[in-house]
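Have a look at the structure below before the remarks.
Here, each number is a calculation from the coordinates, and none is a lab measurement. Computed from a prediction, not measured in an experiment: that's the story for all the values here. Positions of Cβ are generated from backbone atoms using ideal geometry, with glycine treated the same way; all protein chains shown enter the neighbour counts.
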Amino acid sequence: RKEVEQDPGPFNVPEGATVAFNCTYSNSASQSFFWYRQDCRKEPKLLMSVYSSGNEDGRFTAQLNRASQYISLLIRDSKLSDSATYLCVVTADKLIFGTGTRLQVFP
Amino acid sequence: DGGITQSPKYLFRKEGQNVTLSCEQNLNHDAMYWYRQDPGQGLRLIYYSQIVNDFQKGDIAEGYSVSREKKESFPLTVTSAQKNPTAFYLCASSFGLGNEQFFGPGTRLTVL
């Protein structure tokens, strides 16, 4: 089993839709969790950290479920500019990156 | 402005040549990393360093070498022993191994 697993997608959604991605991790000792965004042919950029109680940043909501060992990212009111690959990142002694979920928002 | 820089952005190399990729950060981060990304693939860790004069192999270190003589700098050498060097190389830094990482803009290496 991979340390961090994501559905590669693509998720094709219309503007204004709500979309959610999940990411599962295998190490129950994992301590920190992040979502990164990567645009085509660019470097990954930190989107948000994921806190135990869940957290929200504008249209983005991140949640952690330690019992089932997954984190999620919810995007509300999708914009064309949200089209990107979303990387799930989990840490124990070092960061482990998922391979990403591709999102394509169409008009 | 604080940040992490990589140079060059694009690099072409003939087979059999060594090439060194530059990575500099002024974020006062202790840890630095090198990743490789192939088209449609995730990030793979090549080497990382927690502190000056110390570095560790990642998952795919064969054919690569690094040095960490200064806190700000972590150059990567792609040697002729690396069988498939054409890829997108990303450098990152963080305060510690478990902290969020910040990435440079990457170097796209093509071997001709």
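FRET efficiency for B:LYS57 and B:ARG108, Cβ-Cβ distance as r, R0 = 25 Å, nearest 0.05? Spell out each step's value before the answer.
Details: r = 23 Å, r/R0 = 0.94.
Taking R0 as 25 Å, the efficiency between B:LYS57 and B:ARG108 is 0.60.
Calculate the mean, over all residues of peptide A:96-102, of how many other protein chain Cβ atoms lie within 10 angstrom of the residue's Cβ.
Mean partner-chain Cβ count within 10 Å for A:96-102: 3.
Say the cut-off is 25 Å between C-alpha atoms; which of B:LYS14/B:LYS71; A:LYS2/B:LYS14; A:LYS45/B:LYS71; A:LYS94/B:LYS14 go over it?
B:LYS14/B:LYS71; A:LYS2/B:LYS14; A:LYS94/B:LYS14
For the protein assembly as shown, what does the equivalent ellipsoid look like in terms of its semi-axes, each the square root of 5 times an eigenvalue of the Cα gyration tensor, given largest first in whole Å?
Gyration-tensor ellipsoid for the protein assembly as shown: 30, 20, 16 Å.
Arrange B:LEU11, B:LEU109, B:LEU43, A:LEU87 by Cβ neighbour counts within 10 Å, fewest through most, would you?
Placing the least packed residue first, the sequence is B:LEU11, B:LEU109, A:LEU87, B:LEU43.
Tell me, what is the percent relative contact order of chain B, built from C-alpha pairs under 8 Å that lie six or more residues apart?
In percent, rounded to a whole number, it is 35.
Would you mind computing, in nm to one decimal, how far apart the modelled labels at A:LYS79 and A:GLU56 are, each placed 7 Å from Cα along Cα→Cβ?
Distance between the two pseudo-spin positions: 1.8 nm.
Where a ≥ b ≥ c are the square roots of the eigenvalues of the C-alpha gyration tensor, would you call segment B:1-106 rounded, which needs a/c under 1.5, or, failing that, prolate if a/b is larger than b/c, or oblate?
The shape class here is prolate.
Roughly how many Å is it from the Cα centre of segment B:1-75 to that of segment A:48-107, as a whole number?
Result: 26 Å between the Cα centres.
Give the cross-link partners of A:LYS79 among the aspartates and glutamates, using a straight C-alpha distance below 20 Å as the criterion and excluding same-chain residues fewer than 8 apart.
Partners within reach: A:GLU15, A:ASP39, A:GLU56, A:ASP57.
When the label point is put 7 Å from the Cα of A:SER49 along its Cα-to-beta-carbon vector, which residues of segment A:75-89 have a backbone N closer than 18 Å?
Residues A:88-89 qualify, since their backbone N sits under 18 Å from the label point.
Do any cysteines of the protein assembly as shown lack a neighbour Cys whose Cβ is under 4.7 Å away, and which are they?
Lone cysteines by the Cβ rule: A:CYS40.
Under a plain spin-label model, where a point goes 7 Å from the Cα along Cα-to-Cβ, how far apart in nm are A:CYS40 and A:ASP7?
2.3 nm
Rank the residues A:PHE106, A:PHE11 as a footprinting-exposure proxy: fewest other Cβ atoms within 10 Å of their Cβ go first.
A:PHE106, A:PHE11
Answer rounded, prolate or oblate for chain A, using the Cα gyration tensor with square roots of eigenvalues a ≥ b ≥ c: rounded when a/c is under 1.5, else prolate when a/b is larger than b/c, else oblate.
Note, shape of chain A comes out prolate.
Measuring from label point to label point, each 7 Å out along Cα→Cβ, what is the B:ARG13 to B:SER80 span in nm?
1.2 nm
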